[in-house]
2 protein chains.
Amino acid sequence: MLIVQKFGGTSVGTLERIEAVADRVIETKKSGADVVVVVSAMSGVTNQLVEYGEHFSKDPNGIAMDLLLSSGEQVTTAILAIALNAKGYPAVGLTGAMAGIYTDEVHTKARIENINTARIKSELSSGKIVVVAGFQGITKGGDITTLGRGGSDLSAVALAGALNADLCEIFTDVDGVYTTDPRIEKKAKKLATISYDEMLELASAGAKVLQNRSVELAKKLNVKLVTRSSFNHNEGTLITLEDNNMEKVLVSGIALDKNQARVTLRGVIDKPGIAAEIFTALAKKNINVDMIIQNVGQDGTTNLGFTVPQNELELAKDTMSSLSAAKHVEYDDAIVKVSIIGVGMKSHSGVASLAFETLAREGINIQMISTSEIKLSVVVDQKYGELAVRVLHDAYELDK
Amino acid sequence: MLIVQKFGGTSVGTLERIEAVADRVIETKKSGADVVVVVSAMSGVTNQLVEYGEHFSKDPNGIAMDLLLSSGEQVTTAILAIALNAKGYPAVGLTGAMAGIYTDEVHTKARIENINTARIKSELSSGKIVVVAGFQGITKGGDITTLGRGGSDLSAVALAGALNADLCEIFTDVDGVYTTDPRIEKKAKKLATISYDEMLELASAGAKVLQNRSVELAKKLNVKLVTRSSFNHNEGTLITLEDNNMEKVLVSGIALDKNQARVTLRGVIDKPGIAAEIFTALAKKNINVDMIIQNVGQDGTTNLGFTVPQNELELAKDTMSSLSAAKHVEYDDAIVKVSIIGVGMKSHSGVASLAFETLAREGINIQMISTSEIKLSVVVDQKYGELAVRVLHDAYELDK
């Protein structure tokens, strides 16, 4: 039995919290399992390091930035290893590099290419608990890389996959995945299980329990993921392959993403290659375009809409201004994206119409609509975000 | 021309100070030299990390402790590399491991065994400024090590030696090496040059400009060391081989060590092996014995005196109490050690008598005396420490 446990920033935010994590890890170890622990930086540390780095440049040197950022997880790793040893449980702390996590060379947003598990396996077989610094790896050339925000989840899932772990537990400050954000709708219920695909849609729709890349990777490597709280012993939510039971559920959850901004291009010349020009330019700047909407046009022109993260809006504006295709552009960051997610949606056409009716009844105007197999997203005015979540949660009877 | 520049904790204590260091490094680079920069942790950081580590155990796991401590220098290294790049000077930041600094496996007090300079040389030849995290290395097995307090100086000297650098500049918050501590004697003068051996004696006598191990290593590798201030452009002090000019100087400086405690064993049985028993027992506890004095005895017994650092006195007491040879032991931590250092001393017998006369004239009683080729140390009552320094500084006309 091998379990990978990942503890996020708030779970290791203080020395007392790290001690609690040590106790939790020891519980698991005592149960007879081998344990690999992946930790994030103590909460606040990464932001502090980013501030340091950006003091000198808006776009600091990537190799040096990764050297800087990786220190945060290194510190937590070391402290947890010290705590475990002090409690009588032999443990070794490893940086991403020492753990054999090899990545590409895209600094600050690297991708894991392969993991040489020799060192971890040898430490495990000598009975040690292995603590690994999340969020980081090393290039073949020997430079430290980081995996981007939330990358510690990715480290945990990748390690679980490479080590063939029986379970990968992601500990955060919430109990698991809820039908919607309990801070918005008190009647929100915790899901016992959810499919990878639903989780993916939830995450991209703004539910921040897990980072999308880690769910994708878990799906690809078939890693059994559990997300649960490090502050209590409640059962969490199991994220796994879709099974027959899930078919019965139409809608699993409602997500609210407040971090999007809308870009609308009017009078775009309706000829092949225009969309490619626009989105290639955005991709070159590493802008994460989310929803894209284009309608059939008229008079040889069309309207094209898309959303980008709010903090990338300025960069998107710069990019648009350099494009000849985008003559009339509107920007709006006072919008939110509300998404309805469920594997049952694909075979039930009534899901979408119920959403539209419910929102109309409340007088909430829908600005954009986008659908996938298991998701329906609408963009609405920012001020209606929470209201939309609540009425939809009710409409789909998610509290039942 | 290759220059290694090392900046200590106060020199890199804030982002503003790091920026000043970047400017200083760029000055050197602009002068046409290749530059390797070695940095310490920002002041206060290492203490903070030690606190973290010792929160869980008085004797935290060494491997994990080194993983923890090494992060401090890593952060400074990264920030300085970011600052240099931001100012248009390509720079790369390397951890001790990335810089190829291999050590033994004595965690928290490792010794450098060899340096693989391939990476540094390749970065230098591509025109980059190379920033290296001081105080740290890596074992052959891939674990991060640290070199003990003050180890960043050692990193700088070792790199200067391995790279055959023309100069190794150690930047601190003082201008260089003085004839004595200017806080005690305002007339103290900065020395333009001093020999390795004198510097060694000065350091062990309590002048903390440079760590002894780094001076020893500089001497061994014949590295030209300069110690100077990062806060101004004053010329520093060159530490190098003894040359003919130095012969003219009788005494170069007076040092005061307030950190010693005296241990006196009375009535020690005067037979072979007793001293060995005592000092082996102390060595086993890693107690750094400094002066050792034994006189010819009488009645088959003798008195044996030695000094140890004040913070090791309790441990020394424990050790003494377990020894049968040490029946009557006195301890005194209200003492200081005053040392007169100079290469000229060895051929001038008058140096010692001038010291004794000077102290006697002031009514300062000498408790212990110890001499080496280039040093005369006396232990006196703590309250006379500063006075002894001043009158000796005057007697040897060090302000001239």
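The values are calculated or read from the model by the stated rules, or taken from the named source; none is laboratory data. In this text, all values refer to a predicted model and were calculated from it rather than measured experimentally. Cβ sites come from the backbone with ideal geometry, for glycine too, and all protein chains shown count toward neighbours. Only protein heavy atoms, including side chains, enter the accessible area calculation; ligands, DNA and RNA are left aside. Shrake-Rupley method; radii C 1.70, N 1.55, O 1.52, S 1.80 Å.
Kirkwood's formula applied to the C-alpha pairs of region B:2-173 gives a hydrodynamic radius of 15.7 angstrom.
By the rule of a C-alpha distance below 14 Å, with chain neighbours fewer than 8 residues away ignored, the aspartates and glutamates paired with A:Lys383 are A:Asp257, A:Asp332, A:Asp333, A:Glu362. Note on region A:2-173: Lys pairs 8 or more places apart or on different chains, Cα atoms under 17 Å apart, count 10. Between the C-alpha center of region A:269-292 and that of region A:2-56 there is a gap of 39 Å. Threshold 20 Å², probe 1.4 Å: give the residues of region A:56-72, in number order, that are less accessible with all protein chains present than with their chain alone. With the partner chains in place, region A:56-72 has these residues losing at least 20 Å²: A:Phe56, A:Asn61, A:Ile63, A:Ala64, A:Leu67, A:Leu68, A:Ser71. For A:Gly253, nonlocal amide neighbours, meaning residues 5 or more places apart or on other chains whose placed amide H falls under 5 Å from its own, are A:Ile341. Starting from the label point of A:Thr371 at 7 Å along Cα→Cβ, the same points in the other copies fall at 10.1 nm, in ascending order.
Counting, for every residue in A:49-55, the Cβ atoms of other protein chains within 10 Å of its Cβ and taking the mean gives 4.
Between the Cα long axis of helix B:274-284 and the first principal axis of chain B there is an angle of about 30°, rounded to the nearest 10. Between copies, A:Ala192 shows label-point distances of 8.7 nm, shortest first, with the point placed 7 angstrom from Cα along Cα to C-beta.
Translational diffusion coefficient of chain B at 10 °C, 1.306 mPa s, Stokes-Einstein with Kirkwood Rh over Cα pairs, in µm²/s as a whole number. It diffuses with D of about 70 µm²/s by this estimate. Considering only alpha-carbon pairs that sit under 8 angstrom and 6 or more positions apart, the relative contact order computed for region B:2-173 is 30 percent. When the accessible areas of A alone and B alone are added and the area of the pair subtracted, with a 1.4 Å probe, the result is around 3000 Å², both sides summed. Annotation: the antiparallel percentage among DSSP beta bridges lying fully within chain B is about 60.
Residue ranges A:5-17, A:35-47 sort as A:35-47, A:5-17 when ordered by packing (mean number of other C-beta atoms within 10 Å per residue, highest first). The angle between the Cα long axis of helix B:15-30 and the longest principal axis of the Cα atoms of chain B comes to about 70 degrees, rounded to the nearest 10.
Packing-based ranking of A:290-297, A:115-122, B:389-396, A:168-175 yields A:168-175, B:389-396, A:115-122, A:290-297, ordered from highest to lowest mean Cβ neighbour count within 10 Å. Axis between A and B by rotation; chain A residue with nearest Cβ and distance in whole Å recorded as A:Ser71, 3.
If R0 is taken as 30 Å, the Cβ-Cβ distance between B:Phe356 and B:Tyr331 corresponds to a FRET efficiency of 0.70.
For chain A, the relative contact order comes to 14 percent (Cα pairs under 8 Å, sequence separation of at least 6).
Only helical runs count toward this figure. For the protein assembly as shown, summing -39,500 (n - 2.57) over DSSP H runs of n ≥ 4 and dividing by all residues gives -10500 deg cm²/dmol at 222 nm.
Distance between the 7 Å Cα→Cβ label points at A:Ala283 and B:Glu105: 5.0 nm. For region B:261-372, what is the relative contact order in percent, using Cα pairs closer than 8 Å and at least 6 residues apart in sequence? For region B:261-372, the relative contact order is 34 percent.
Modelled label positions at A:Thr14 and A:Gln310, each set 7 Å beyond Cα in the direction of Cβ, lie 2.9 nm from each other.
The residues of the protein assembly as shown expose on average 42 square angstrom of accessible surface per residue, using a 1.4 Å probe on protein heavy atoms.
Just report the Cα centroid separation between region A:367-389 and region B:122-187, whole Å. Spelled out, the Cα-based centre of one part sits 58 Å from the other. Taking the label point 7 Å along Cα→Cβ, A:Gln298 and its counterparts in the other copies are spaced 12.4 nm apart, in ascending order. Applied to region B:142-157, the Karplus parametrisation 6.51 cos²θ - 1.76 cosθ + 1.60 on θ = phi - 60° returns per-residue 3J(HN,Hα) values of x, 8, 6, 10, 10, 9, x, 3, x, x, 5, 4, 4, 4, 5, 5 Hz, with x for Gly and Pro. Here the accessible area of the protein assembly as shown is 48 percent carbon and sulfur, with a 1.4 angstrom probe and all protein chains present.
For region A:146-253, the Stokes-Einstein estimate of translational diffusion at 10 °C and a viscosity of 1.306 mPa s comes to 114 µm²/s, using the Kirkwood hydrodynamic radius over alpha-carbon pairs.
For the segment B:82-93, counting C-beta atoms of other chains within 10 Å of every residue's C-beta and taking the mean gives 5. Rg and Dmax over the alpha-carbon atoms of region A:1-42 stand at 10.3, 30 Å. Taking the DSSP beta bridges with both ends in region B:1-127, the antiparallel portion is around 35 percent.
FRET efficiency for the pair B:Glu235 and B:Lys121, taken as 1/(1 + (r/R0)^6) with r the Cβ-Cβ distance and R0 = 30 Å, rounds to 0.50. Using the alpha-carbon positions of the protein assembly as shown, Rg (one decimal) and Dmax (whole number) come out as 33.4, 121 Å.
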